[in-house]
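Asker: Below is the structure I would like to discuss, written out as structure tokens.
The values are calculated or read from the model by the stated rules, or taken from the named source; none is laboratory data. Worth saying up front: this structure is predicted, and the values here are computed from it rather than measured. Counting neighbours? That spans all protein chains shown, and the Cβs are built from the backbone with ideal geometry, glycine included.
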Ligand SMILES: Cc1ncc(COP(=O)(O)O)c(C=O)c1O
């Protein structure tokens, strides 16, 4: 197991070390939950102050023509650099859930002979719930949710869409994007990737994989703040053929022509529905600009090393790691299965180590290389070891479930 001295030496030599101080990480906290809600970048504070005080406060409605109206496309273009897409294939809009709905319905309406959405049982709940709602909105459509091992055989001549979450929210298992996209295409289906746990966490190449559609969160590895707007990717070859079912005025070809009839905009603009959340976009852009300063290969290499450090600690403590050991097959978090995972997570939080719990028995620790150090991981491991050794997680107060776990 790594010693504190070894950890400090690795931190001192870390090419990403300079990013840590760009975040307002609270004293006394080891934050292992950036895969759920990224911390506050220091630059976000003046960016938001400018947005609120100057842009909103002074410029008022003039702000729309001073950068606000372009924000969805501009910020989408920045996200494109992280996911291997062209700038005009990504737009920032709505939530991941809403974007899933738009993309699923659009895929179902593309070809009336293909009416099935195939997805994985145990996918993130909103993916399953939204898919259920989306098939309910298209006559004849149905949802086929199967275990991972049955996905390939579930694809067939009636499949409109294969909906997969690239990095699994619980286990961190990562699909081979190019291989699964090719399987969907061989069946004549489109593929929709949920990149919520992938964007800014692992290298992505949507173009290289020939992916059709993708969505993802702004508040995890992009550090865009709680409830940050999400993004949607539509490969250029599908942009004219697919229609946004939420045909709001912001996706109209000429929103301020105030026409009665809907005419979709060309390109990604048609995927907008209503007025963009400008305040949230400002925070997202600040987080994103910071992340874009970092080298994705360096992030991936450090994520692997942080994982190995935590995996060795888990092994030494006799914990069952449910995340793949092969870095090519996982994201940037590590998950341990433990019968008292909830209480363990609460006991860790009480000791300043913030991770999270996923029902029923998963302790999930985010290993975000942009701002975490090896010393953080080793210290968190020491605290985890002490909690387990002393049985502190058995304190009844740690068994009380809060609304957000
Ligand atoms: C894979 C995945 N999809 C979607 C979401 C959330 O979607 P929304 O931002 O609409 O709440 C999450 C949140 O953790 C997620 O892990």
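Asker: May I ask you to list the residues in the stretch 75-114 that are away from the ligand (no atom under 12 Å from the Cβ), part of a loop (DSSP other than H, G, I, E, B) and on the phi < 0 side of the Ramachandran plot?
Answerer: Of everything in the stretch 75-114, those that are away from the ligand (no atom under 12 Å from the Cβ), part of a loop (DSSP other than H, G, I, E, B) and on the phi < 0 side of the Ramachandran plot turn out to be 85, 86, 111, 112, 113, 114.
Asker: Of the residues 230, 235, 269, which is closer than 25 Å to residue 82 by Cα, within 16 Å of the ligand (Cβ to nearest atom) and in contact with a helix residue (DSSP H, G or I) (Cβ under 8 Å, 6 or more places away or on another chain)?
Answerer: Working: 235 fails: within 16 Å of the ligand (Cβ to nearest atom); 269 fails: within 16 Å of the ligand (Cβ to nearest atom).
Step by step, each of 230, 235, 269 is checked, and only 230 is closer than 25 Å to residue 82 by Cα, within 16 Å of the ligand (Cβ to nearest atom) and in contact with a helix residue (DSSP H, G or I) (Cβ under 8 Å, 6 or more places away or on another chain).
A quick yes/no check of all residues on (1) surrounded by fewer than 17 Cβ atoms within 10 Å (Cβ to Cβ); (2) farther than 22 Å from residue 267 by Cβ:
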position: 50; (1), (2): yes, yes
position: 55; (1), (2): no, yes
position: 59; (1), (2): yes, yes
position: 70; (1), (2): yes, no
position: 83; (1), (2): no, no
position: 86; (1), (2): yes, no
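Asker: Next question, about the same structure. Please go through the stretch 139-149 and pick out each residue that is in a helix (DSSP H, G or I) and either touching a residue at least 12 places away in the same chain (Cβ under 8 Å) or touching a strand residue (DSSP E or B) at 6+ places or on another chain (Cβ under 7 Å) (or both).
Answerer: Matches in the stretch 139-149: 148 only.
Asker: Of the residues that sit in the stretch 11-40 and are assigned to a loop (DSSP other than H, G, I, E, B) and without any contact (Cβ under 8 Å) to a residue 60 or more places away in the chain, which one is surrounded by the fewest Cβ atoms within 10 Å (Cβ to Cβ)?
Answerer: 27
Asker: Now for a separate question. Being within 29 Å of residue 47 (Cβ to Cβ) and not in a loop (DSSP other than H, G, I, E, B) is the filter here, so list the residues in the stretch 244-261 that pass it.
Answerer: 249, 250, 251, 255, 256, listed by residue number.
Asker: Let me ask something additional. Keeping to the stretch 224-243, report how many residues are surrounded by fewer than 24 Cβ atoms within 10 Å (Cβ to Cβ) and either within 15 Å of the chain's Cα centre (by Cα) or assigned to a loop (DSSP other than H, G, I, E, B) (or both).
Answerer: 9
Asker: Mind counting the residues in the stretch 115-138 that are under 18 Å from residue 102 (Cβ atoms) and either modelled with pLDDT under 95 or part of a loop (DSSP other than H, G, I, E, B) (or both)?
Answerer: Residues flagged as under 18 Å from residue 102 (Cβ atoms) and either modelled with pLDDT under 95 or part of a loop (DSSP other than H, G, I, E, B) (or both) within the stretch 115-138 amount to 5.
Asker: For the stretch 262-286, give me the residue count where each residue is outside any helix (DSSP H, G or I) and more than 20 Å from the chain's Cα centre (by Cα).
Answerer: Final tally of qualifying residues: 8.
Asker: From the list 192, 155, 204, 164, which one is more than 12 Å from residue 123 (Cβ to Cβ) and touching a residue at least 40 places away in the same chain (Cβ under 8 Å)?
Answerer: Details: 192 fails: more than 12 Å from residue 123 (Cβ to Cβ); 155 fails: touching a residue at least 40 places away in the same chain (Cβ under 8 Å); 164 fails: more than 12 Å from residue 123 (Cβ to Cβ).
From the options 192, 155, 204, 164, the qualifying one is 204.
Asker: Additional query: Restricting to the stretch 30-58, name every residue that is within 19 Å of residue 349 (Cβ to Cβ) and touching a helix residue (DSSP H, G or I) at 6+ places or on another chain (Cβ under 9 Å).
Answerer: Result: 30, 31, 32, 38, 40.
Asker: Is it fair to say residue 61 is assigned to a loop (DSSP other than H, G, I, E, B), at pLDDT 95 or above, over 28 Å from residue 185 (Cα atoms) and away from the ligand (no atom under 16 Å from the Cβ)?
Answerer: The answer is no for residue 61.
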